[in-house]
Amino acid sequence: MANSYYHGTRTALSPGDLIATTTPPAAGDHSGASAYVLLTPNIDEAIWSAELAAGGTPPRVYMVEPLGAIARVSEQPGYNAPRHPSMSWCSQERLRVRGEVIEWLHYHGTRVDLRPGDLLKPGHVSNFGAIARTANHVYFTRTLDAAAWGAELAAGEGHGRIYIVEPTGPIEDDPNLTDKKFRGNPTKSFRSREPLRVTGEITDWPGHPPQAIQSMKDRVARANQLGVEADD
């Protein structure tokens, strides 16, 4: 297990605050259900949990310290897994807030061989869409999961690569994902008309299972057959 844990919520918290356990609604009337609090070593899961949490306040991701043993939440009685990424560990003891995540790395998934200092610019043919079109934007994300999909679905024969990038100009939410399937922007997907500067590469990123990749490629192919075009 990693030494860093995260908790996604819409509650405003401060370092030292304690996050209490609760009995999850999904447990229903199962007699074996117990109160617990969620956490995860995967920041992407915490981001999704924060974005999809109930309430109208801004989503927040906190670094937390479990005060007791932790276990897989999927092993808890009455747990019903959601159809989206979510915090995957839990504890029957409270969590102590260590701090808030306020700075994020940006990632770009591709098959192109790049080096630190290289610029990713708009003007290339898009990987998606029924008609080959020149993209007016360059796309990036704050989650490794979304960047992995970009690398795995990118056109070309080379290995999928994920680069750490920094925008050189204004950015905006990617309208192809924002509010299309989920409230807000849980994949943290963005685009810019200005170049992205490569600052490094992630070389040990977790990929998706082959069957999941093929399923996604099939969905993209069906969208192309239906004439669905990306908003760019």
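The values are calculated or read from the model by the stated rules, or taken from the named source; none is laboratory data. This structure is a prediction, so every number in the text was calculated from the model and none was measured. Don't worry about glycine lacking a Cβ; one is built from the backbone with ideal geometry, like all the others, and counts go over all protein chains shown.
List of remarks:
- Boolean, residue 82 is over 22 Å from the mean Cα position of the chain (by Cα) and assigned to a loop (DSSP other than H, G, I, E, B): no
- Residue match in the range 26-36 (condition: touching a Pro at 6+ places or on another chain (Cβ under 7 Å), at pLDDT below 90, of a type outside the set (A, V, I, L, M) and part of a loop (DSSP other than H, G, I, E, B)): yes
- Residue list for the range 160-196, filter: basic (Lys, Arg), closer than 12 Å to residue 139 by Cα and in a strand (DSSP E or B): 191
- Comparison of 83, 115, 111, 94 shows that the only residue that is out of contact with any Leu (no Cβ under 6 Å at 6 or more places or on another chain) and surrounded by 13 or more Cβ atoms within 10 Å (Cβ to Cβ) is 111.
- Qualifying residue in the range 60-73 (condition: assigned to a loop (DSSP other than H, G, I, E, B), surrounded by 16 or more Cβ atoms within 10 Å (Cβ to Cβ) and either out of contact with any strand residue (DSSP E or B) (no Cβ under 7 Å at 6 or more places or on another chain) or of a type in the set (Lys, Arg) (or both)): no
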